[in-house]
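Here is the structure we will look at.
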Amino acid sequence: MFTTALIKPDQTQPGALPLDLFAVIASLKKELNAVILAHYYQEPDIQDIADFIGDSLQLSKAAADTNADVIVFAGVHFMAETAKILNPDKMVLLPDVNAGCSLADTCPPDAFAEFKAAHPGHLVISYINCSAEIKAMSDIICTSSNAVKIVQQIPKDQPIIFAPDRNLGRYVMQQTGRDMVLWQGSCIVHETFSEKKIVQLKIAHPEAEAIAHPECEPAVLHHASFIGSTAALLKYCQQSPTQEFIVATEPGIIHQMQKAAPYKNFIPAPPMNNCNCNECPFMRLNTLEKLYLAMKNCTPEITMSEEIRLAALRPIQRMLEMSF
Ligand code: SF4
């Protein structure tokens, strides 16, 4: 499933990669005064070299708190953008500039501006998985860790638009009893899990608990005994007495689950087709080699206009204030 990119033996070729990427990355980190932040969905080598591993909320907080001069963001574009919004004076590097997000792409700024205009008086709460332009049009940002908590803090008579993930929005509506206008976006990874195959797995592993991320479709969430953000799923697996789990989210998280609970068994929830579509193709564009090259060449760097940055900063700050 994953590649281990520690040793690159061909040093005779021009531009060949160094023998020990872990060692050279550690040395570049010192040279640049850099911090490496990695999402749980990154390949294990990247998770193992990162200074901090987390979900979107944890990474936003880590980006807000860092004293480093350079942030190497091993995640997808909207996450690196969030780090830049919070740290305008720092260099933010993304190992592969094409590491986008299918969910963020379902919400283009022009169409969202029209949607917003069609719902005057609504407070806009946007899931962090969106572009800086969408953040700039939002009142509050949320993550899957704090979405319920944030919506619960909004006065009951205040109408809300929730964007861009309809599955998370629907889940938050169920948890809070609030009606919200949902933007109809979704993630290709979390929509790929097969309810039928999860049921078959539960029959084959009667002691196993199914756990799921709220970006999954309602039919999959229906079979989960625990629903939560990647960080919450990780914590749940550690604390639960259950020994076997069927995990319905991107399988990159299983690396940390297995490290935290080595004697437990984690089964990735299968996709509908016989493919690897339960792995996020965008997250997997980042590799240890690309991370090394990004640090060596200080590119690709995330940049944005100051106008967008300032407009996007306000709803992120509101989220950070409302998450404690
Ligand atoms: S798993 Fe889905 S929501 Fe997360 S980065 Fe990949 S495409 Fe986007």
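Values quoted throughout were computed directly from the atomic coordinates according to the rules given, and no laboratory measurement underlies them. Note that this is a predicted model, so its numbers are computed, not measured. As a convention, Cβ positions derive from the backbone with ideal geometry for all residues, glycine included, and neighbour counts pool all protein chains shown.
Summary of values
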{"read-out": "Cα centroid separation - the stretch 166-180 against the stretch 30-105, whole Å", "value": "29 Å"}
{"read-out": "For the stretch 195-268, alpha-carbon Rg and Dmax in angstrom", "value": "11.1, 30"}
{"read-out": "The stretch 200-310 - percent relative contact order, Cα under 8 Å, separation 6 or more", "value": "19 percent"}
{"read-out": "Label-point gap, in nm, between CYS277 and ASP157 - each point 7 angstrom along Cα→Cβ", "value": "4.7 nm"}
{"read-out": "Length-normalised contact order for the chain - Cα pairs under 8 Å, 6+ apart - percent", "value": "21 percent"}
{"read-out": "Packing rank of 190-199, 167-176, 306-315, where each peptide gets the mean count of other beta carbons within 10 Å, highest leading", "value": "167-176, 190-199, 306-315"}
{"read-out": "For the chain, fraction of C-alpha pairs farther apart than 26 Å, in %", "value": "48 percent"}
{"read-out": "Gain upon complete extension [SER305, ASP48; 0.36 nm per residue less C-alpha separation]", "value": "89.2 nm"}
{"read-out": "Under-5 Å amide H pairs with ALA248, H placed in peptide plane, nonlocal only", "value": "ILE211, ALA212, HIS213, ALA269"}
{"read-out": "Members of LYS116/LYS196; LYS84/LYS296; LYS196/LYS259 lying beyond 27 Å, as alpha-carbon distances in this model show", "value": "LYS116/LYS196; LYS196/LYS259"}
{"read-out": "Distance in nm between pseudo-label sites at SER225 and ARG314 (7 Å out along the Cβ direction from Cα)", "value": "4.6 nm"}
